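The values are calculated or read from the model by the stated rules, or taken from the named source; none is laboratory data. Because the structure is predicted, anything quoted here is derived from the model rather than measured.
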Amino acid sequence: MDLFETLTSSCACPHISDLRFSVPEPLLGCISILRPEDFPLTQWYDLYEYLTGTRKFFSTQEQARAELIRFIQEK
């Protein structure tokens with residue numbers, strides 16, 4: 001399962017597109033418990049761009065996850 005599918009399933013979103021509009025707290029919880037190394041860095045790039053609307057590059061999966069968490073907390 002890829003990162004988008006894992007989050008969709010974990011957050012009980014019927015569709016991937018629902019992730020963008022989900023309530024921040026459940027999405028934050030789902031992302032927080034993921035092990036960053038379980039997913040390729042390219043999927044973290046794609047998720048960040050999908051949720052934020054901006055492209056950003058990261059050195060590690062952990063860095064990408066931390067930036068996503070920061071973005072969701074500021075929502």
Is it the case that Thr60 is modelled with pLDDT of 95 or more and either at positive phi or β-branched (Val, Ile, Thr) (or both)?
yes
Segment 1-38: number of residues that are charged (D, E, K, R) and either modelled with pLDDT of 90 or more or more than 20 Å from Gln73 (Cα to Cα) (or both):
5
